[in-house]
């Protein structure tokens, strides 16, 4: 999932997490309600005198973070061109996640957080990085300044603790950095859709009718929201100095914003604005500020409808100076909101009604996308305790951000367990961590601890009674601490005497035993005889079992009334788990698995599993009652879950209305138990509990390749695309050549190629796979697959071969190159392979390449892969290469791209030394199309910052 990994607005970085105590002075809101941080500044503070009269006091970031290094941008940038805020950055070459913390905030209050990323070639590499930012434990945005000079993300969020935290995450595409951060407290009544589980990510905020002003910000907007100017050639503008507008407690726009307006030139022309999104499930919030600013005569009348795509959101809007009428009814507000979703293209239009004598008007509008804030942070008590330990002993393990969540960035030396949906720290290993002095009481506040390893340090003093609070503790190691007492407090002594605590100290390794008693010789003899007898019985049983054909165990079909599956739930692991609030001890069950086989030719219901079996209740606990649905396919819905040891998984539940039945379920499960390759998704377990049928896989945080290719937020580079193609091809090559018998996947497509957090690719969904014999070239079978990827020869002849997968993979390669789906709609539509052939007939390779790569690729590498894709999609299977040939050619193409990557990057990056100066063709175009993942459009030939007119 990944994860799946969103998309983005003109905002900054600040993450909302539970308090990580960072060394330094408590940060406080200033008298204006701001916290302003100049990142990388060694001095205590600075006054930004060019901040539109704001005279904000910016503090050094040293008191907000304890990691990173200070850097200065390249000397090619002059103080005359850019603000002094941009001359320093803080860079984070060490650690995966580094976090800023704003403290002394108010729980439940709303905060606007934004920041700036001005690369300025500070590292002299001329290669701007790409990295993620998180708000607490929730993904917020991806910073991509490779195509723009500066990046300004922004978010509105609710504080769930007395601090907010912004985390920069290294995704392997360069060292994260930051220029400045700003936090502003909002009124609690503002932006009512923002709450503890939902934030708003900024997309755009525009002021209409004021082309003489480039930007409105503080002090005109006392929250320092930035309002950009929008104009169009066919629009007219007007303004008033009179007071207008009803008091607005929800959005509180500055008076300057609603005293200007834009109008179309006539009632026949609609005022239109459009934006796009590659994710149709994204939900937007549109805020329209509509106030009448003209004195209208008694014979004139202004009324219009507000439409977005096919939906009419408001009919007969009649704006007044203080009140608005909608469909003849007064509304005591001068703003309207609606939430479009479900499309990739949105056209909003304000169209005059038939009886209106005046054209529509619009003063300003705001556009946001909703972002989930549903990630559950680590228990606040555990967070407070572990941070106190970190601070007291100056632990330098790269501990930053939430200790447990996200799992990929959990702190080293910690293991966590989910109790009642809340992560708890259950294992803490601080062995040889350089701890000195006495144990502090905060160790006793980690009340869910099962294991504590403090060996190899220089601790001293007594083991305090606060350790008796560790009621779940089963292992304690203090060996190597020469100056610490080996006397346990009373509670732990009792656990040791009961045999429920293993205690290692400088005196040795022991679990307290009762006084030894002499064991009679006769008893020893009797026990010995019994053991020998049991051993003999076991040997006989093993011999008898081996005589049974194929060692079969029968699994009832779902329609047989036998209750749950007879398979035992014996699984390995060394973790604690409790679905309730109470703590239970670890399950050290060892590696005993159910071993079930499906012999050749047997009917439904036979499996060969060496995986964990889950009950329906297990799956319900793992997925938090199936709350997080990440997709739906022919088999059913897929949910994200978390195992007891903190491992994220994907749970694929079979729907009763599924087009795939028990046969496909058993096929996928059976196939996955016998295929093991780094580029094939791993099956971790399954469920056959009554009517419940489910498969549990490793979770792929970045989702499907299809989503990535359609995701405007962070487009894959050509190098990344080639790597994904190589790894996917290797997975298919394994199925065709290394499996015995070989497998044909039969449903190769970008939606069945999954990516983890490192963008490693793995083939998934084996429900339609078929085994074939190497001795024959094909098997006869009914045609199955996905339109657009289906081998035409297989479709016509019903003859399936490994070359059918090759055809499908060729279509995948064309998608990787073009970014387009396999079936293209429109007048130039048709199959993607045909479209590519038509375009290449003119010899212009760049006409087919995904424009979101912005020309950053080796053209010869692209040509090579395109020709390979065309060979794979030949109509005749004999003309198609094998997957082994495909793998070899893709590796050559990747090597070619890598060999030219360094020389190309220094030549093509266009750095703009004026991060505050927006023009039609520089930053704001990129800020909208890249920074927020959404392209804003302006109709009617307007002349405003943004994409070209439509």
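The values are calculated or read from the model by the stated rules, or taken from the named source; none is laboratory data. For clarity, every value in this text was computed on a predicted model and none was experimentally measured. Using ideal geometry, Cβ is built from the backbone for each residue, glycine included, and neighbour counts are taken over all protein chains shown.
Values as computed for the structure displayed
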quantity: Filtered residues of region 163-177 (kept if modelled with pLDDT of 90 or more and outside any strand (DSSP E or B)); calculated: 174, 175, 176
quantity: Test for residue 89: is it surrounded by 17 or more Cβ atoms within 10 Å (Cβ to Cβ) and under 23 Å from residue 375 (Cβ atoms); calculated: no
quantity: Filtered residues of region 648-662 (kept if modelled with pLDDT under 85 and surrounded by 14 or more Cβ atoms within 10 Å (Cβ to Cβ)); calculated: 654, 655, 658, 660, 661, 662
quantity: Of all residues in region 460-477 being crowded, with 22+ Cβ neighbours inside 10 Å and farther than 23 Å from residue 380 by Cβ, the one that is farthest from the chain's Cα centre (by Cα); calculated: 463
quantity: Meets criteria (within 30 Å of residue 771 (Cα to Cα), out of contact with any strand residue (DSSP E or B) (no Cβ under 8 Å at 6 or more places or on another chain) and at pLDDT 90 or above) for residue 836; calculated: no
quantity: Sole exception among (1) in a strand (DSSP E or B); (2) touching a strand residue (DSSP E or B) at 6+ places or on another chain (Cβ under 8 Å) for residue 190, by number; calculated: (1)
quantity: Sole exception among (1) surrounded by 21 or more Cβ atoms within 10 Å (Cβ to Cβ); (2) within 39 Å of the chain's Cα centre (by Cα); (3) part of a strand (DSSP E or B) for residue 229, by number; calculated: (1)
quantity: Residues within region 738-752 that are modelled with pLDDT of 85 or more and part of a loop (DSSP other than H, G, I, E, B), tallied; calculated: 6
quantity: Matching residues, region 386-395, being more than 28 Å from the chain's Cα centre (by Cα) and either in a helix (DSSP H, G or I) or modelled with pLDDT of 95 or more (or both); calculated: 388, 389, 391, 392, 393
quantity: Candidates 151, 134, filtered to the one that is surrounded by 24 or more Cβ atoms within 10 Å (Cβ to Cβ), under 20 Å from the mean Cα position of the chain (by Cα) and modelled with pLDDT under 90; calculated: 151
quantity: Count - residues of region 848-858 that are exposed (fewer than 13 other Cβ atoms within 10 Å of the Cβ) and either outside the structural domain of residue 798 (by TED's automatic domain parsing) or in a helix (DSSP H, G or I) (or both); calculated: 1
quantity: Residues located in region 374-385, provided they are crowded, with 22+ Cβ neighbours inside 10 Å and in a loop (DSSP other than H, G, I, E, B); calculated: 377, 378, 379
